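This report concerns only the one structure given below.
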Amino acid sequence: FHPPYRTDDLEAYLQARIEPSEANINRAIAAASSPELSKSRQVAQLAQLLADFGRNDQLYRLLMNLPADQIPATVLFRPAFRNFRQDPRFMQLAVGPGFLDFWRRNNKWPEC
């Protein structure tokens with residue numbers, strides 16, 4: 001796989017996916033936390049990484065400490081987040097971005 005542009009965070013993420021050792025995962029997390037990345041990309045990258053490797057407690061700590069408008073709502077419903085969404089804490093998190101209000105208004109609930 002050769003992306004059109006290579007970045008340190010992408011390479012570290014792919015290496016962790018190929019060989020998910022503790023060292024590779026931690027390296028990917030550090031690369032995704034780089035201040036060189038935009039805040040929104042940093043949060044989305046970290047969220048994806050933590051979900052991919054089942055680090056839901058870290059993921060909740062990350063997201064619960066963000067303002068609601070900085071929660072990367074588009075990534076929360078990806079397949080890697082399935083176990084994350086089944087945690088009771090997800091409903092607390094769903095309040096901020098307005099998911100809970102939307103689900104109540106439309107009576108359409110996600111499979112969480």
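The values are calculated or read from the model by the stated rules, or taken from the named source; none is laboratory data. Values in this document were obtained by computation on a predicted structure and should not be read as measured data. Positions of Cβ are generated from backbone atoms using ideal geometry, with glycine treated the same way; all protein chains shown enter the neighbour counts. Calculation scope for accessible area: heavy atoms of the full protein, side chains included, ligands and nucleic acids excluded. Shrake-Rupley method; radii C 1.70, N 1.55, O 1.52, S 1.80 Å.
Summary of computed values
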read-out	value
Number of the condition not met by residue 99 [criteria: (1) surrounded by fewer than 14 Cβ atoms within 10 Å (Cβ to Cβ); (2) modelled with pLDDT under 90]	(1)
Condition met for residue 82 (of a type in the set (D, E, K, R), closer than 22 Å to residue 110 by Cα and within 10 Å of the chain's Cα centre (by Cα))	no
Pairs, first over 16 Å from residue 39 (Cβ atoms) in region 59-71, second of a type outside the set (Val, Ile, Thr) and crowded, with 17+ Cβ neighbours inside 10 Å, C-beta under 7 Å, six or more apart	59/47; 59/50; 59/51; 59/84; 64/93
Lone unmet requirement of (1) farther than 25 Å from residue 8 by Cα; (2) modelled with pLDDT under 90; (3) open to solvent by 70 Å² or more (accessible area, probe 1.4 Å) for residue 105	(2)
Listing of helices (runs of 4 or more DSSP H) fully contained in region 1-89 that carry 3 or more residues being farther than 18 Å from residue 99 by Cβ and either open to solvent by less than 30 Å² (accessible area, probe 1.4 Å) or of a type in the set (Phe, Trp, Tyr) (or both)	8-18, 22-32, 39-52
Hits in region 75-112 (condition: in contact (Cβ under 8 Å) with a residue 24 or more places away in the chain and among the polar types (S, T, N, Q))	83, 86, 92
Residue check, residue 52 of a type in the set (Asp, Glu) and more than 24 Å from residue 12 (Cβ to Cβ)	no
